[in-house]
Amino acid sequence: MGEVAARYRRHADAFEHKLAAVRPEQWPNQSPCAAWDARGVAEHVVVMHGVMLRPVDRELSPAPSVADDPLRAFEAARADVEAVLDDPELAGRECDTPNGRMTVEQQIDEVISDDLVLHGWDLARATGQDDTMDPEDVERLWAITTAIPAALMEKYRTPGAFGPGVEVYGPEVEVDAEAPRQDRLLGRIGRDPGWSA
């Protein structure tokens, strides 16, 4: 298994664990993302898995909807993405993305795999679970986000810059320079690390 596929599976396992721990009455809970409740976070993640399949002319397999069963919807979506990552021809296919031309594997790594970490925090915070991110992921994402040029980061923060309804990062939230790295990462991508429902 390659590094990207292994990282995706680790992130998907953690997100799936959080989904499985949500109690039925918690799905309407507000999340740190103003536009979504807990179910909305799950819906976004599943939809984005479908977006990752488009460059290889695939779509999500038939599965229960997020409205009916968020966990099973995610399990099916991750299986579809894993099938692509496990196929060297599909994973290595090049595609055009908002960040330029890259392989399908790279796009999955940069978009949905990293999203699982960040939206895992959203889901955990919305439903009262442990929201501690893996320190390895925090360091990796911190290095990535702090290396983004200011002009590009501004584009990431502009709603609709990458398509209708797409907002990559929100406005930066000021966080103390001595705060834990996870809190500073969250602030950088537009989350308030002190948010509570």
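Within the P(r) computed for the range 31-126, what percentage of the Cα pairs occupies the region above 24 Å?
Of all Cα-Cα pairs in the range 31-126, 22 percent lie more than 24 Å apart.
In the chain, what percent of the accessible surface is made up of carbon and sulfur (1.4 Å probe, ligands and nucleic acids excluded)?
With neighbouring chains kept in place, the figure for the chain is 50 percent.
With charges only on Cβ, +1 for K and R and -1 for D and E, what is the dipole size of the range 143-197 about its Cα centre, in debye, rounded to 20?
220
Given charges of +1 on the Cβ of Lys and Arg and -1 on the Cβ of Asp and Glu, with all other atoms neutral, how large is the dipole of the chain about its Cα centre, in debye to the nearest 20?
Approximately 260 debye in magnitude.
Projected onto the charge dipole of the chain (+1 at Lys/Arg Cβ, -1 at Asp/Glu Cβ, origin at the Cα centre), which of 124, 11, 76 gives the Cα projection farthest towards the positive end?
Selected residue: 124.
Determine the relative contact order of the range 63-197: mean sequence separation of Cα pairs under 8 Å and six or more apart, normalised by residue count, in whole percent.
Reported relative contact order: 13 percent.
When the convex hull of the C-alpha atoms of the range 125-197 is computed, what volume per residue in Å³ does it have?
Normalising the Cα hull of the range 125-197 by residue number yields 108 Å³.
Which three numbers, in whole Å and largest first, are the semi-axes of the equivalent ellipsoid of the range 96-163 derived from its Cα gyration tensor as √(5λ)?
After diagonalising the Cα gyration tensor, the semi-axes are 23, 15, 13 Å.
Among 91, 151, 38, whose mean-square fluctuation peaks in a Gaussian network model of the chain (Cα, cutoff 10 Å)?
Highest fluctuation among the options: 151.
For the chain, what does -39500 (n - 2.57) per DSSP helix run (n ≥ 4), summed and divided by total residues, give at 222 nm, in deg cm²/dmol to the nearest 500?
-15500 deg cm²/dmol
Of all alpha-carbon pairs in the range 69-116, indicate the percentage at a distance above 13 angstrom.
60
Using only the alpha carbons, work out the radius of gyration and Dmax of the range 3-61 in angstrom.
13.4, 37
Distance between Cα centroids, the range 26-71 to the range 148-167: provide it in whole Å.
Distance between centres, Cα-based: 21 Å.
Probe of 1.4 angstrom, ligands and nucleic acids ignored: what's the accessible area per residue over the range 26-67, in square angstrom?
Accessible area per residue: 49 Å².
With a cut-off of 8 Å between alpha carbons and a minimum separation of six or more residues, what is the relative contact order of the range 157-197 in percent?
This gives 31 percent for the range 157-197.
Taking the Kirkwood radius as the inverse of the mean 1/r across Cα pairs, report the Rg/Rh of the chain.
Rg/Rh for the chain comes to 0.94.
The values are calculated or read from the model by the stated rules, or taken from the named source; none is laboratory data. The model shown is predicted, which means the values in this text are computed figures rather than measured ones. Note that each Cβ is placed from the backbone with ideal geometry, even for glycine, and that neighbours are counted across all protein chains shown. Heads up: the accessible areas ignore ligands, DNA and RNA and are worked out on the full protein's heavy atoms, side chains in. Shrake-Rupley method; radii C 1.70, N 1.55, O 1.52, S 1.80 Å.
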